[in-house]
1. If you go through the range 228-259, how many residues are touching a helix residue (DSSP H, G or I) at 6+ places or on another chain (Cβ under 7 Å) and either touching a residue at least 24 places away in the same chain (Cβ under 8 Å) or under 23 Å from Ala4 (Cα atoms) (or both)?
2. In the range 60-104, which residues are charged (D, E, K, R) and over 21 Å from Ser196 (Cα atoms)?
3. Quick one: would you say Glu124 is acidic (Asp, Glu), in contact with a strand residue (DSSP E or B) (Cβ under 7 Å, 6 or more places away or on another chain) and over 27 Å from Asp260 (Cα atoms)?
4. Somewhere in the range 82-105, is a residue within 19 Å of Ile149 (Cα to Cα), surrounded by 23 or more Cβ atoms within 10 Å (Cβ to Cβ) and in contact (Cβ under 8 Å) with a residue 12 or more places away in the chain?
5. Is there any pair linking a residue in the range 286-307 that is over 16 Å from Ala230 (Cα atoms) to one that is modelled with pLDDT of 90 or more and surrounded by 14 or more Cβ atoms within 10 Å (Cβ to Cβ), with Cβ under 6 Å and at least six apart or on different chains, and which?
6. Going through the range 64-103 one residue at a time, which ones are closer than 14 Å to Val127 by Cα, in contact with a strand residue (DSSP E or B) (Cβ under 7 Å, 6 or more places away or on another chain) and small (Gly, Ala, Ser)?
7. Out of the residues in the range 17-69 that are touching a helix residue (DSSP H, G or I) at 6+ places or on another chain (Cβ under 7 Å) and among the hydroxyl-bearing types (Ser, Thr, Tyr), which is surrounded by the most Cβ atoms within 10 Å (Cβ to Cβ)?
Amino acid sequence: MSAAGTAAAIAENVQRVIRGKAELVRLAVAGLLAEGHLLIEDVPGLGKTTLAQAVARSIGGRWSRIQFTPDLLPGDITGVSVYRQKEERFAFHPGPVFANVVIADEINRGTPKTQSALLEVMSERRVTVDGETHRVPRPFLVVATQNPIELEGTYRLPEAQLDRFLMRLSVGYPDRGSEVDVVLGDAAAATPDDLSAVVDAATLERAVAEVRALHVAPGIADYAVRLAEATREHSALRYGASVRGSIALIRAARAVAAVDGRGYLTTDDVKAVAVPVLAHRLVRTAEAELHQRGTAGIVAEVLAAVPVPTASG
């Protein structure tokens, strides 16, 4: 099965429970094929966790769910070494992070110390406990959710953690017609528990490899870098996108092109992922925060200001 076929199968399955959000599902599946972590952020009741579970259940590998709370400990995520008295040695007991898809629900309810337990595994696909390194299975994806409006009992994600998410997606409210369908069909509607896997881990891994091998013309790479550079020079930002942001732009654009069944990138692919890839990596100035200038709007300004290359190179 091609990457496009894999993406279509997963998207169709996910849309059994996420209705009226075709573009959201498309981007989520693209993030999956890019083997990039997703942060799903929005107000309660819009289906953040449902989306994360639907994506996880569509894949035939292992998946796990971690409910973040203030009393959660790092070892509850990574696993711990336990002394076995009969064998007179310590044995590592892997935590829920050892899965193909890890749902980190309400990640901002965990303390900074607990959140930091994900830093290594999100970046390097491995966990170090008591000096020993343990590899997590591949493909590996963290799908985290958070509610941005509730502040009590939450801890803001640090920039280093945000930078490890390939994309930040917002579910948003459905249009009226879709919401009416959801309300009328609530009792009989499918839930993530009703979903079966439509691709196995090996098929997904082949799709990930196909995306990684997709050709990128020098002109497209240059355009992505110029977008990142423009954020570093923007007057409303203290810090713009890092080099990881430039890399993420191309990774996500590759995946979008593969989802669309193309073996090459266009500037439109880069534009399509610019806001979800870059907006959460930007740090605004105090004045920009005072005037409530959103980072998504700033990325839109950058897209309008940076010239599009006339040739793909």
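1. Summing the residues that are touching a helix residue (DSSP H, G or I) at 6+ places or on another chain (Cβ under 7 Å) and either touching a residue at least 24 places away in the same chain (Cβ under 8 Å) or under 23 Å from Ala4 (Cα atoms) (or both) in the range 228-259 gives 21.
2. Asp71, Asp76, Arg84, Lys86, Glu87, Glu88, Arg89
3. The answer is no for Glu124.
4. yes
5. Cβ pairs passing all conditions: Ala288/Ala236; Arg293/Ala236.
6. Result: Gly79, Ser81, Gly95, Ala99.
7. So, considering only residues that are touching a helix residue (DSSP H, G or I) at 6+ places or on another chain (Cβ under 7 Å) and among the hydroxyl-bearing types (Ser, Thr, Tyr), the one surrounded by the most Cβ atoms within 10 Å (Cβ to Cβ) is Ser58.
For every residue, the table says whether it meets (1) surrounded by 15 or more Cβ atoms within 10 Å (Cβ to Cβ); (2) within 22 Å of Val55 (Cα to Cα).
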{"residue": "Pro192", "(1), (2)": "yes, yes"}
{"residue": "Ala207", "(1), (2)": "yes, yes"}
{"residue": "Arg232", "(1), (2)": "no, no"}
{"residue": "Ser246", "(1), (2)": "yes, no"}
{"residue": "Ala253", "(1), (2)": "yes, yes"}
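The values are calculated or read from the model by the stated rules, or taken from the named source; none is laboratory data. Note that the structure is predicted; figures quoted are calculated from it, not measured. With ideal geometry, Cβ positions are generated from the backbone for all residues, glycine too; neighbour counts draw on all protein chains shown.
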